[in-house]
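This report concerns only the one structure given below.
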Amino acid sequence: IYIVMEAEIQRAGRCVSQEDGEGLMAAMRILDGKRPVALSGNQSPLNENRIEKLAQSACGERWGPIVAKQLFARQVVNTGDWEQGSKLGAVAYNLLVNALREESGWTIPVIRGLSYEARVIAEIADSAQNKRTHTIFTGGDTSGDRRHDTVRDIEKTLKKGFTVCWTDRAVANESKKRATLYVVVQLLKIYFHLNLLKLAQPLIRPLETGNSSLFDSNRIFPQSDVVAYRFFVGRLRMFEDQYNAAEEHLAYAFRHCTKMAIRNKRAILEFLLPIRIRRGLFPTPQLLQKYGLHHLEPLVNAVRYGDLATFNAQLAIHQTAFVQSGTFLLFEKVKILVYRNLIKHIFLSKDKSVQIKLPTIQTVFSFLGVPIDPDEIECILANLIYKNLVRGYIAHQKQVLVLSKKNPFPLEAVRNPSETL
């Protein structure tokens, strides 16, 4: 029974002695992607104490317990016990944190591998627990009572990994600091998963207040980690209504994401596009087609041409997806740009007459299937004028919108909107 396991432990021991981080992680990994590593042969349940003795003998006092916990966790998750697998993985991670204080940068592949597995196994464990709860309480909807206890525990564990990596003072080629962003990204994924974004700021503050050049090259962090980090920070800034900062981060992530990673670039665009549409910067049909976002083209055109009816219809069609991604409220804020472009369209259709009767605007709204009373018309126009999207004033008694003769629809107000627009 133990022949295959002993061979794997011996392999791990050789990797430790050769300081081969990639090989060590391969020898003791629990997951292949998001599925358990298949067990070799017909392995029956193993004795944890015996595995620990074999591992300590082959890998030493520092690494033996880590290897043992990982291999036993692999056995456990193959039986479907993800919760116990997560507990064992957490023990292995804590042991790794202690070991890292005496090790150099060769351990980076192990840090990355265990950080990823700790998060994924915890999420699967909580998902399995919630499914069991739902099965037991079939008489009601338990979606509002979803538990994330395992993920919450792993978040605390991963923060230890962040600290030991970020505070490493070794020279660049021996430093564990290069693993920092990868651990941070795993934590950010957890915060988005738990909808606890307020916990993200204390985590990223040390990074943001440091040397900004850290993120501009591969000198410290791998480019792939920088791209992932800036993607999640961009999303965070979007939820904080800091749209300029969000666009900066997301645009960087899109530019530096490898061209072959079509799915990742599409994920970035799902957040970058609404921010840019809000500034009147519209994607080309070719871009939407390339990244499988052609379903957004009717909405984009609706904003561009002030087609309020189509905009409302498209927003309703995609509401569920937009709510799930967190972009629905941002698209709602884009509606003011639809109003602005609609008024501009009316202005152009009236041979650029600087006086537009409010009943005319009301008629156009009704024609587009959006009946609206005069007071609401004035409210919309007043808001457009206040935000400098339209230059002019409302002659209330005469029920006329009087536009400026010079640049009545200033583009600079669209390109550089206030954060609250």
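Quick notes
- Summing charges over all other residues whose Cβ lies under 13 Å from the Cβ of Y291, with Lys and Arg as +1 and Asp and Glu as -1, gives +3.
- Per-pair calculated FRET efficiency, R0 = 35 Å: K156 and N416 via Cβ, rounded to 0.05: 0.25
- Cα-Cα over 26 Å, subset of K189/K259; K34/K290; K357/K405; K131/K198; K176/K259: K34/K290; K131/K198; K176/K259
- Taking a sphere under 12 Å around the Cβ of L207 and counting the other residues whose Cβ falls inside, with K and R at +1 and D and E at -1, yields a net charge of +1.
- Mean separation of Cα contacts under 8 Å, 6 or more apart, over the residue count of the chain: relative contact order %: 8 percent
- Computed label-point distance, nm, for sites A395 and I317 using a 7 Å Cα→Cβ extension: 4.1 nm
- Taking chymotrypsin sites (Phe, Trp or Tyr not before Pro) as exposed when DSSP calls them loop and at most 15 other C-beta atoms lie within 10 angstrom, the chain has its longest site-free stretch at 138-421.
- In the chain, the portion of solvent-accessible area held by carbon and sulfur atoms comes to 51 percent [1.4 Å probe, whole percent, DNA, RNA and ligands not counted].
- The phi-based Karplus calculation (6.51 cos²θ - 1.76 cosθ + 1.60; θ = phi - 60°) puts the 3J(HN,Hα) values of the stretch 247-261 at 5, 4, 5, 5, 5, 4, 4, 5, 5, 9, 5, 4, 4, 6, 7 Hz, whole numbers, x for Gly and Pro.
- Taking label positions 7 Å along the Cα-Cβ direction at both V370 and E6, the computed distance is 7.6 nm, reported to one decimal.
- C-alpha long axis of helix 48-77 to longest principal axis of the chain, angle in °: 50 degrees
- Inter-site label distance for E378 and N301 at 7 Å from Cα along Cβ, in nm: 3.7 nm
- Selection from M260, Y393, I30, by position along the positive dipole direction of the chain (Cβ): Y393
- The stretch 370-421 and the stretch 178-192: distance between their alpha carbon centers, rounded to Å: 44 Å
- Placing a label point 7 Å from the Cα of Q324 along the Cα-to-Cβ line, the residues of the stretch 232-267 whose backbone N sits under 15 Å from it are 267.
- Accessible surface, the chain, averaged per residue in Å² (probe 1.4 Å): 50 Å²
- Amide N proximity, the stretch 58-96 versus E102 label position 7 Å along Cα-to-Cβ, cut-off under 14 Å: 59-66, 95-96
- The stretch 353-415: trypsin sites (Lys or Arg not before Pro) in DSSP loop, at most 14 other beta carbons within 10 Å: K398, K405, K406
- The magnitude of the dipole of the chain, with charges of +1 and -1 set on the Cβ of Lys/Arg and Asp/Glu and taken from the Cα centre, is near 1160 debye.
- Close amide-amide hydrogen proximity is noted between L31 and V37, each under 5 Å apart and 5 or more residues distant or on a separate chain (H modeled in the peptide plane; Pro and chain starts excluded).
- 3J(HN,Hα) from dihedral phi, the stretch 262-275, Karplus parametrisation 6.51/-1.76/1.60, rounded to Hz, x for glycine, proline: 4, 5, 5, 5, 5, 4, 5, 5, 4, 9, 5, 4, x, 5
- For the stretch 296-421: relative contact order, % (alpha-carbon pairs under 8 angstrom, 6 or more apart): 21 percent
- Each Lys or Arg adds one and each Asp or Glu subtracts one; over the other residues with Cβ under 11 Å from the Cβ of R74, this totals -1.
- Sparse packing (at most 10 other Cβ atoms within 10 Å of the Cβ) combined with a DSSP loop state is found for the following trypsin sites (Lys or Arg not before Pro) in the stretch 163-193: R169.
The values are calculated or read from the model by the stated rules, or taken from the named source; none is laboratory data. Here the structure is a predicted model, which means the values were calculated and not measured. Note: ideal-geometry Cβ built from the backbone for every residue, glycine included; neighbour counts use all protein chains shown. Calculation scope for accessible area: heavy atoms of the full protein, side chains included, ligands and nucleic acids excluded. Shrake-Rupley method; radii C 1.70, N 1.55, O 1.52, S 1.80 Å.
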